[in-house]
Structures are given as C-alpha cells and as structure tokens.
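Report on the following structure.
The values are calculated or read from the model by the stated rules, or taken from the named source; none is laboratory data. Predicted, not measured: the structure shown is a model, and the values here were computed from it. Here Cβ is always computed from backbone atoms with ideal geometry, including for glycine, and neighbour counts include all displayed protein chains.
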Amino acid sequence: MLRWLYFFLAASLGLGLGLYYGWVVSPVEFYDTSPDTLLMDYKVDYMLMTAEAFARDDDILEARRSLAMLGSENPAEAVQEGIEFAVSVGYALEDLALLRDLGEALLLIVPDLEPEAQ
C-alpha cells in the first residue's frame with residue numbers, strides 16, 4: 001500500500017513540476033510568419049497541396065493566388081524549381097505529375113489585355 005502512495009506522490013510531483021516548467025519557466029513562444037519563409041521542402045509540399053486543389057477544382061487563378069504567398073514573382077518558375085527539387089528528393093510520380101500539370105497551366109495563363117479605364 002505504501003508503494004502505491006509513493007508512486008502517486010512521485011507522479012503528481014513530476015506532473016506538477018512539468019506543468020510549472022512548461023507554463024512559467026519556459027512557455028511556448030508563437031511567431032506570426034508566412035509561407036514565403038518556409039524551407040524549400042515545405043514550399044514544395046505547399047505547391048503540391050496547391051496542385052492537388054487545382055486538379056480537383058480546375059481554378060488556375062486560385063492556384064496562382066495560393067502560390068503568390070510563397071513570395072515568387074513568377075509562379076510558373078517557382079513550380080519548375082519545386083519540380084526539380086521534388087525529383088531530387090524522390091517524390092512519387094503521381095505527385096510530380098500534379099506539379100507538372102499545375103506548371104503547364106500556369107504557363108498558359110494569358111494576361112488581361114484590355115486597356116484600363118481612364
């Protein structure tokens with residue numbers, strides 16, 4: 001019986017000290033950041049998620065807006081760089097095909113040529 005009492009006292013003490021350390025001594029610090037600060041492997045994952053959404057919705061303008069968050073001026077070039085990285089680290093062929101389709105669709109976007117109203 002005494003052994004159980006020591007066990008629960010030790011567990012309670014450990015839990016209490018752990019919570020105190022996590023909440024008071026060294027609490028988590030949150031940073032507000034954007035996708036353009038991601039490392040290349042995470043950027044390619046973000047591009048792949050965008051490519052999957054594009055394959056489902058076929059909305060190239062939304063895909064372009066999503067890719068603009070990565071900070072590149074030319075999303076088609078960014079996707080090409082992403083494909084090169086994905087090939088180098090061994091992404092699945094299905095994922096590479098999704099990225100390729102997104103890149104090709106981005107190249108086919110024609111800018112709005114209508115004159116601005118004055």
_Any chance S12 is within 27 Å of the chain's Cα centre (by Cα), modelled with pLDDT of 90 or more and not β-branched (V, I, T)_ = no
_List pairs: first residue in segment 47-73 and surrounded by fewer than 16 Cβ atoms within 10 Å (Cβ to Cβ), second residue not in a helix (DSSP H, G or I) anywhere in the structure, Cβ distance under 7 angstrom, at least six positions apart or on different chains._
I60/I109; M69/S34
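Pick from S88, S34: which is modelled with pLDDT under 90 and small (G, A, S)? Spell out the reasoning first.
Numbers: S88 fails: modelled with pLDDT under 90.
The conditions single out S34.
Could you list, in sequence order, the residues of segment 58-101 that are among the hydroxyl-bearing types (S, T, Y) and either more than 12 Å from Y46 (Cβ to Cβ) or over 17 Å from the mean Cα position of the chain (by Cα) (or both)?
Of all residues in segment 58-101, those among the hydroxyl-bearing types (S, T, Y) come to 66, 72, 88, 91.
Matches in segment 58-101: S88, Y91.
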*Within segment 1-38, which residues are of a type in the set (A, V, I, L, M) and either touching a strand residue (DSSP E or B) at 6+ places or on another chain (Cβ under 7 Å) or assigned to a helix (DSSP H, G or I) (or both)?*
L2, L5, L9, A10, A11, L13, L15, L17, L19, V24, V25
